[in-house]
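The structure under discussion appears below in the form of structure tokens.
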Amino acid sequence: MSWIANQDALMQSFAVFSCDLPAHGGQPPGRNGMKISEMADELIDALARQNDRFVVVGHSLGGAIAIELAARRPDLVAGLGLIAPAGLGKEVGREFLSELPELSELGSALALLQRLVSRPRLITPPIAQRLLDHLERPGIRAALRALASELSHVETSIEPHVASIAVSRVPRIVIWGEEDTINPIDRPRLSRFNAQVLTLPDTGHLPHVEASRAVSRHLCEFLKSAVLELGG
């Protein structure tokens, strides 16, 4: 789970509930499919059963899901913490998306994953091997191909939800790496989203990994303000 470096800092002050998305981490492909709307459906069902409101934090694909969730069910959401969210950048790299499900060789996997970060040494051969092992699990390659298709038009597919959040009172922060080449920052689009925006230098598509302390600090500050606003 890529959030492992942030959980301890967040859990010192907040109750944290985390999940791996379908076909990610240890999760199998989605039971209901790999569309953003279908994954949002599952999270909405899970949160609605808790009879509470949550600050929803998501990275990349998770950010797009969080945006749709908040637009559809603002009654469940006390705030949005978005890290390089798909749908708010210029576009998610088509080549990266198409190559990922087809990887079968360690060198190629290592080279592709190193494109995620500004400091390639952060991605080691064991990390690349874990991805290859994950791809061999039943249904994973097909699920990631379907996800690549879904993300190929995410900027237009979630635009109505982005527009809805942009004029809402949902507190929101967006954190982005200035060296992100997978989902490059789109400053005009972000300005229309009317969020607090923080960009991190020398950081690629994984700010919560590459700059984990800074991201944890910014998220904790945002969470405290969101909780105060909720209480007020």
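Summary table below
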item	result
Dipole magnitude (debye, nearest 20) for segment 122-232, charges at Cβ of Lys, Arg, Asp, Glu	300
Alpha-carbon centroid distance for the pair segment 159-188 / segment 1-78, whole angstrom	17
Positive-end residue of Leu110, Ser216, Ala226, charge dipole of segment 83-232 with Cβ unit charges	Ala226
Local net charge near Glu155, Cβ-Cβ under 9 Å (Lys/Arg +1, Asp/Glu -1)	-1
Projected label distance in nm at Phe17 and Ile44, using a 7 Å step from Cα toward the beta-carbon	1.6
Histogram of C-alpha separations across the chain, 10 Å bin width, %	8, 33, 40, 18, 2, 0
Sparse-neighbour loop sites [chymotrypsin sites (Phe, Trp or Tyr not before Pro); segment 1-51; at most 12 other C-beta within 10 Å; DSSP]	Phe17
5 angstrom amide H check on Val77, placed H, neighbours 5+ away	Phe54
³J(HN,Hα), Karplus 6.51/-1.76/1.60, whole Hz, each residue of segment 107-119, x for Gly, Pro	x, 5, 5, 4, 5, 5, 5, 5, 5, 6, 10, 8, 10
Sulfur and carbon atoms: percent of accessible area, segment 1-159 [1.4 Å]	52
Computed [θ] at 222 nm, helices only, for the chain once each DSSP H run of length n ≥ 4 contributes -39500 (n - 2.57)	-14000 deg cm²/dmol
Semi-axis lengths, Å, segment 123-232, gyration tensor of Cα atoms, sqrt of 5 times eigenvalues	29, 20, 15
The chain: antiparallel DSSP beta bridges as a percent of all, rounded to 5	5
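The values are calculated or read from the model by the stated rules, or taken from the named source; none is laboratory data. The shown structure was predicted, so the numbers you read here are calculated from the model rather than taken from an experiment. All Cβ positions, even for glycine, are placed from backbone atoms using ideal geometry, and neighbour counts span all protein chains on display. Heavy atoms of the whole protein, side chains included, go into the accessibility calculation; ligands, DNA and RNA do not. Shrake-Rupley method; radii C 1.70, N 1.55, O 1.52, S 1.80 Å.
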